[in-house]
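The values are calculated or read from the model by the stated rules, or taken from the named source; none is laboratory data. Note that the structure is a prediction, hence the values are computed from the model and not measured. In this analysis, Cβ positions are derived from the backbone assuming ideal geometry, glycine residues included, and neighbour counts consider all displayed protein chains. For the accessible areas, the whole protein counts, side chains as well, though only heavy atoms, and no ligand, DNA or RNA atoms are used. Shrake-Rupley method; radii C 1.70, N 1.55, O 1.52, S 1.80 Å.
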2 protein chains.
Amino acid sequence: MTRAYNFSAGPATLPEPVLRQAQAELLDWNGVGASIVEISHRSAEFIAVASRAEADLRKLIGIPEDYAVLFLSGGATTQQALLALNFAAPGQVVDYVVTGHWGKTAIRQVKPYVTVHVAADGEPGGFRDIPPRAGWQLSPDAAYVHITANETIHGVEFRDTPDVGTAPLFADFSSSIASEPLDVSRYGVIYAGAQKNLGPVGVAVVIIRRDLLERSGQPRADIFDYRSHAARDSMLNTPPTWNWYLAGLVFQWMLAEGGVEEFARRNALKSQLVYQAIDGSGGFYRNHVAPAVRSRMNIPFFLPDETLTARFVSESKDAGLLALKGHKAVGGIRASLYNALPVEGAQALVAFMRDFQQRNG
Amino acid sequence: MTRAYNFSAGPATLPEPVLRQAQAELLDWNGVGASIVEISHRSAEFIAVASRAEADLRKLIGIPEDYAVLFLSGGATTQQALLALNFAAPGQVVDYVVTGHWGKTAIRQVKPYVTVHVAADGEPGGFRDIPPRAGWQLSPDAAYVHITANETIHGVEFRDTPDVGTAPLFADFSSSIASEPLDVSRYGVIYAGAQKNLGPVGVAVVIIRRDLLERSGQPRADIFDYRSHAARDSMLNTPPTWNWYLAGLVFQWMLAEGGVEEFARRNALKSQLVYQAIDGSGGFYRNHVAPAVRSRMNIPFFLPDETLTARFVSESKDAGLLALKGHKAVGGIRASLYNALPVEGAQALVAFMRDFQQRNG
């Protein structure tokens, strides 16, 4: 089979040129006589790969020098726990703005360590909108304010960086990092699992304003201490080298394609195509999210009934459009349109949607 | 360049047939139209890969049904912290037997959470031997006793499972798991980063006697809770799917080659070859570890001076013998002889050692 268009929410589609390069080098990387998977993370060869990945990510996103960039094992959930351990005193108040499933998960990770104050909650509205900033109840003494920049299940995305006053803003950017220009200086911490826009699962990127590393946080193992990771260039322990390397190849590809400005253009185009197909379907396809905060990355939508939904999932797969089944928490269909999904993929989806509606509408 | 013999201490050499299969499948796994790196961990396809990996590991090592097997992001260091969080009450006494660098690291991870009692310490003897069991000062009320089955830097390996009484025995098997038959039932927890004998870096295996999961431990994030990981079959969050898949291919290869009995035979042969070359060199090569506890996995040895050491490292690399430079903590040379290093690799090393001595002795 040839490669299909893959709409998986994560782990997600990767750029084919990146996979081809990784494939070509898998048994002998750069002529060293071994795979990149098999060489020491402390070798000059791997350190060069790691350093270039950091430099390329800094260039791609525009990360100022007063921010540390860490590449750590695992995904975003571990970082959610580490935020409280590193940046809040035991029991200190932290503010969370909940706009979907992942905001709730983030709270679950920190509850043992801090006093969680939900400053705003989209759940009463079914997570169909982001509570207006004016109504947020921020705490005067919060260690930080946490948001989820894009919610992959509910399809809700912050389209502007909120002003939260003096507390640093921490944001889970797992599903929208590097998808459009970003003013990093507005944030205290930006973190992201790589498996959506940045590369393969198994490595997370954490971008930390360096002054925050001076906070004492709370008692924690060395391996949970961002200061230790920063002091050792993310090599406190053996990092996930292959995953880091593959993310680095994705960064190179993104820069070569034109950087985040170009991906912002493509992502806007892809998501507009799909939303227009939904909104123009006369109600056959429905998306419930308020237009101003509709996600460009993950588009959940619904068909008239379960039978049609199941048929859509099955027939789209046969047509070479993979992983369109919605998350079990909400059902329906979900199309994830990350950086590595080409515009042609969105066009193929829209063509399929129109054809499917004609046959079943 | 062709593939060299790779003596890296980890990330380490992988079986060439495994890399060839991963290479062939990297753009289209099993005809699904996407890479295994790009499909959902919750897809039927990946769940089948994950389940088979667990079943194969159970078969390979002989893991009883009353043990849970987890595949978690990252390496052994994170697990070291989680041991205390999951299995000891706040401040409870835990016993550590220190036989090298990694035993000390293990202690650093738990100090914020428990009262560490060093029951035996090889450091006064330069980590050249394992303190005799009779001299261990075990605590009557320890939550557990921790050992490092094999020390990769100091080259010291437990050749028998110590009897530690009623407290469960926890062991870091990162560098010797699946290298010979093992009686899992003697242990409460066995954990290992995969990157030495089991596969690629980025995934750790944790084998836990299930009754221990009933311990309340101490306050911790959900992502740090082994019970949560066990209840969700290691898919509490997105697992490092490619790393897990590649480890699974290594398990299949090991079973096809004859299982741990066969690797025990090969590993004994390889390490004997190298130790004989050292011991038979008339003092040109020296290993300081007591013969009864010499590691079969990692053999540190020393040449008469720094100049010869540097020359050995350089010339061996040119001869296609990679990563023989010793760890910076001890210097000298280190040959790691994990499962995937073929017997021919050890033979080539020994031939090189003899030739080098002839030319420089």
Check your understanding: So is B:Gly62 at pLDDT below 95 and of a type outside the set (Val, Ile, Thr) or not?
Key -> no
Review point. Of all residues in the stretch A:280-316 being within 26 Å of A:Ser179 (Cα to Cα) and in a helix (DSSP H, G or I), which is most open to solvent (accessible area, probe 1.4 Å)?
Key: A:Pro291
Exercise for review: Check the stretch A:70-77 and report whether any residue there is more than 8 Å from chain B (Cβ to nearest Cβ), closer than 30 Å to A:Ala329 by Cβ, crowded, with 22+ Cβ neighbours inside 10 Å and among the polar types (S, T, N, Q).
Suggested key: no
Check your understanding: Is it true that B:Ala178 is farther than 19 Å from B:Thr77 by Cβ and buried (at least 21 other Cβ atoms within 10 Å of the Cβ)?
Key -> yes
**Study point:** Condition check for B:Arg58: out of contact with any strand residue (DSSP E or B) (no Cβ under 8 Å at 6 or more places or on another chain) and surrounded by fewer than 18 Cβ atoms within 10 Å (Cβ to Cβ)
**Key:** no
Check your understanding: Looking only at residues in the stretch A:195-220 that are aliphatic (A, V, I, L, M) and at the interface with another protein chain (Cβ under 10 Å from one of its Cβ atoms), which one is nearest to A:Ser336 (Cα to Cα)?
Key -> A:Val201
Check your understanding: What number of residues within the stretch B:49-80 are within 16 Å of B:Ser228 (Cβ to Cβ) and either touching a Lys or Arg at 6+ places or on another chain (Cβ under 8 Å) or not assigned by TED's automatic domain parsing to the domain that holds B:Ser175 (or both)?
Key -> 2
Practice item. For residues that are within 7 Å of chain A (Cβ to nearest Cβ) and in a loop (DSSP other than H, G, I, E, B), scanning just the stretch B:15-31, find the one that is nearest to A:Glu16 (Cα to Cα). Key: B:Leu27
Revision key, fill the gap. Contact list, first residue from the stretch A:308-325 and within 11 Å of chain B (Cβ to nearest Cβ), second anywhere and at pLDDT 95 or above and open to solvent by 50 Å² or more (accessible area, probe 1.4 Å), beta-carbon distance below 7 Å, six or more apart or interchain, is A:Gly320/A:Tyr5; A:Leu321/A:Tyr5; A:Leu322/A:Tyr5
Point to revise | B:Arg42 modelled with pLDDT of 95 or more and of a type in the set (Lys, Arg) | key: no
Study note, to complete from the structure: When every residue in the stretch A:221-257 that is acidic (Asp, Glu) and outside any loop (DSSP other than H, G, I, E, B) is compared, the one nearest to the other protein chains (Cβ to nearest Cβ) is A:Asp222
Exercise for review: Could you look through the stretch A:97-139, keep only residues that are assigned to a strand (DSSP E or B) and hydrophobic (A, V, I, L, M, F, W, C), and pick out the one that is surrounded by the fewest Cβ atoms within 10 Å (Cβ to Cβ)?
Suggested key: A:Val118
